[in-house]
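J.: So that we are looking at the same thing, I have put the structure below in structure tokens.
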Amino acid sequence: MGIISAIGRTPEEHLSSLVQAKSGLRKLQHIESIYNNKIPVGEINSSNEQLAKDLTLPEDHNYTRTAILGCLAAKHAIRDAGLLTSNLKNDALISATTVGGMDMTERYFKEFGSNPEVQKYIDSHEAGDSTHKIAQQLGIEGFVTTISTACSSGANALMLAARLIRSGMAERVIAGGTDALSKFTVNGFNSLMILSGEACKPFDRHRDGLNLGEAAAYLVLESETAANRRGARIRAWLSGYGNANDSHHQTASSPEGDGAFLAMNAALKSSGLQATQIDYVNAHGTATPNNDLSESKALLRIFGDAIPPFSSTKPFTGHTLAAAGAVEAVFSILALENGVVLPNLNYKEPIRETGLQPATVCIPNVMQHVLSNSFGFGGNCTTLILSKS
Amino acid sequence: MYNLNPEQIVKAVYIKSAVAISAQDTFSDNRIPAELMPATISVANAIQPEYKDYISPASARRMAPAVKMGIAAASRALSLAKISNPDGIIAGTGMGCLMDTEKFLNNILENKEEFITPTSFIQSTHNTVAGQIGIMLDCKAYNSTYVHGSLSFESALVDAQLQIEEGAAKNILVGAVDELGIEFYQHTSLRNSQRKSTTLPAGEGAAFFVISDDKEQAMAQLTALETIRNCGIDQLQTRLHTFLTQSKCKLTDIDLLVLGNNGGKWDTYYDRLRAFFPNIRSINYKPLTGEHHSVSAFACWLGCILLSDRSRLNEWDNRITDNTKPRLILLYNQSEGMNHSFMLLKEC
């Protein structure tokens, strides 16, 4: 697996930030915006130019920040899996993104018609562009596609990857998501009045909104046969998945968390596990008043009185939108491998209606199964279950 | 325990209904219209249906064309298939909800990020159409959206096909939609003309289908589908051969080609493909729809209509005197030599 976010550029760096409770939230810097130096975000502290250098791109490239982040994380995932790009010809790639190349479009939109120098970014606007670039960088020629189900996109990419392998359509799939911060999403979430001016406080009674972040994370999923054939190290199993729709409102979750409940239920069913076998829940936990209440209710419906330790890791990275599902799958695997429940930063008091208390410090815990939630606009809810190898 | 590679009993996948909204009057009676108008103008706007049968006028006023076209095509596809609640909703869109994306972007740029209202942001997300259909049907089942350029529809269809084959679903609503918007298509058209990638106007449209494991009254069987990211023209024959072999089908079984010619530089791919089928009829549909990312869904609609109604082929092109009903159609599309798709539709 490969990951780049505000708290690191490798899984190891992420683990170290997570166990040391080191948040990556800082004031916005790298995009030109009136919110610069004002709102806290999970921003990767490098300019596009620096990042492009890491990827050794030619000077006239038209890679958006979203594409650069995606390529960096996907390349790392390949190395981590002990693969070379020359091995990947028949592999599949499923990538997730929300606003595609918006980070460049918003810079040059008004010059597209007149300035030949920036017209190359017209081509990089569509959401499939970053996926093609990742495929090209990795030499992937198998099934390639892009998913966009808002903030559950990354989880859906992993779910499709597992289904492709199960069906025999692919032996190995590189799947994950990438999203760079953009003025478009900052203003979007701000206009919805769900951006917090401070570091977010998931599951706290006084939570007042989310922080945005940027990240890319990719995982190499492989059939057991194919992994064993090449003697690959198996870091974890994707043992269950579920996708359901809340069908309540375009941007708000239903009061009882119907979609979340159904997604978790479907994931448990597909894994053949009982709710009591889940050792840790990496919650969606955006810290908006609406999500955390609705998700808490859904957790109560699934687990009853026996809710396993749970936390939201959004205060570390910010909400990384389409990448979030893949980022948190990586975190879930790190939790499994190291036997720790990851901390939910900035929590003080329980939500009155549900009284749930997330894990606030890093707790050692023998773990077999972690459940990870990702919910998005459009009612899209997806749950993954990751299990110890 | 994790059962990653079970024996698959592959189920046949049928198309129960097909509905298209396009620059032709394809929606009003779901037939190939008697009069076809070549899309020779600079943009090929879709003929918008009467929405009041599908969406309340109050809601319709707030909705962009992509959402309205998607909802109307999806509703009709469900009613033709006599399905009220599908086991999944899967949409494709190349550019997403462009109208609201442009609106929100212009709002930010013109007002320097101040006094921004959220409506167009909410409606700009790529999954708006599938989400809205979910809300309209109160359908809590599987819901996903593919945004992979000109393979968005095919990606959605691969997922839908997989759902049926997995036995996870009996009926899936699947389709694709793209809208012109106001500004962005002008930029993409500029790029297209710089690269000579098409001579056709930019178009828009939606096509939705109910696909099912049930053959009863199906319009067609979706026999095989493959997408290829990158294929050099000299590899085309090998890729086609592999596709047909895997589909357990011979070149000579195919009796109609539905091709995505658009007058651009990369039409050489279609010429090459046609040469493998010297005596077979072929249809180029894009001159009637314009070029857009969801146009291959229109081609699939056309294939379904032609397979289910013998009389339609002549109406499509009166130069074709042979009105034998096709039995197996190969659909092929590509975009600037990338994003290739092969699809086989068979009579039921």
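The values are calculated or read from the model by the stated rules, or taken from the named source; none is laboratory data. Quantities reported herein were computed from a predicted structural model and do not represent experimental measurements. With ideal geometry, Cβ positions are generated from the backbone for all residues, glycine too; neighbour counts draw on all protein chains shown.
J.: Is there a residue in segment B:40-57 that is of a type outside the set (S, T, N, Q), buried (at least 24 other Cβ atoms within 10 Å of the Cβ) and touching a His at 6+ places or on another chain (Cβ under 9 Å)?
T.: Yes, segment B:40-57 contains at least one residue that is of a type outside the set (S, T, N, Q), buried (at least 24 other Cβ atoms within 10 Å of the Cβ) and touching a His at 6+ places or on another chain (Cβ under 9 Å).
J.: Residues that are over 19 Å from A:P11 (Cβ atoms) and within 21 Å of the chain's Cα centre (by Cα), at least 3 per element: which helices (runs of 4 or more DSSP H) completely within segment A:288-389 meet that?
T.: Fully inside segment A:288-389 and qualifying: A:289-303.
J.: While we're on this one: Quick check on my filter: what residues within segment B:69-127 are of a type in the set (F, W, Y) and within 23 Å of A:G128 (Cβ to Cβ)?
T.: B:F104, B:F121
J.: Can A:Q29 be described as modelled with pLDDT of 95 or more and either on the phi > 0 side of the Ramachandran plot or assigned to a helix (DSSP H, G or I) (or both)?
T.: When the stated conditions are applied, A:Q29 does not pass them.
J.: Can you pull out the residues in segment A:265-295 that are within 13 Å of another protein chain (Cβ to nearest Cβ) and crowded, with 24+ Cβ neighbours inside 10 Å?
T.: A:A267, A:S271
J.: Applying the selection to segment B:214-246, what residues are surrounded by 18 or more Cβ atoms within 10 Å (Cβ to Cβ) and of a type outside the set (A, V, I, L, M)?
T.: Matches in segment B:214-246: B:Q221, B:T223, B:E226, B:T227, B:R229, B:C231, B:F243.
J.: Examine segment A:191-203 for a residue that is more than 11 Å from chain B (Cβ to nearest Cβ) and more than 22 Å from A:D292 (Cβ to Cβ), and state whether such a residue exists.
T.: no
J.: In segment B:112-205, which helices (runs of 4 or more DSSP H) lie fully inside it and hold 1 or more residues that are more than 7 Å from chain A (Cβ to nearest Cβ), among the basic types (K, R) and under 29 Å from A:G142 (Cβ atoms)?
T.: Passing ranges, in order: B:184-195.
J.: Hey, among the residues in segment A:93-125 that are within 20 Å of the chain's Cα centre (by Cα) and more than 10 Å from chain B (Cβ to nearest Cβ), which one's farthest from A:R235 (Cα to Cα)?
T.: Within segment A:93-125, the match that is farthest from A:R235 (Cα to Cα) is A:D103.
J.: Next question, about the same structure. Spot the failing condition for B:Y146; the list is (1) aromatic (F, W, Y); (2) within 15 Å of the chain's Cα centre (by Cα); (3) at pLDDT below 95, and only one is missed.
T.: If we test B:Y146 against (1) aromatic (F, W, Y); (2) within 15 Å of the chain's Cα centre (by Cα); (3) at pLDDT below 95, just (3) comes out false.
J.: A:K314 fails exactly one of the following numbered conditions: (1) within 14 Å of chain B (Cβ to nearest Cβ); (2) basic (K, R); (3) buried (at least 20 other Cβ atoms within 10 Å of the Cβ). What is the number of that condition?
T.: Against the list (1) within 14 Å of chain B (Cβ to nearest Cβ); (2) basic (K, R); (3) buried (at least 20 other Cβ atoms within 10 Å of the Cβ), A:K314 comes up short only on (1).
J.: Hey, does segment B:271-290 have a residue that's acidic (D, E) and closer than 19 Å to B:G92 by Cα?
T.: No, the conditions are met nowhere in segment B:271-290.
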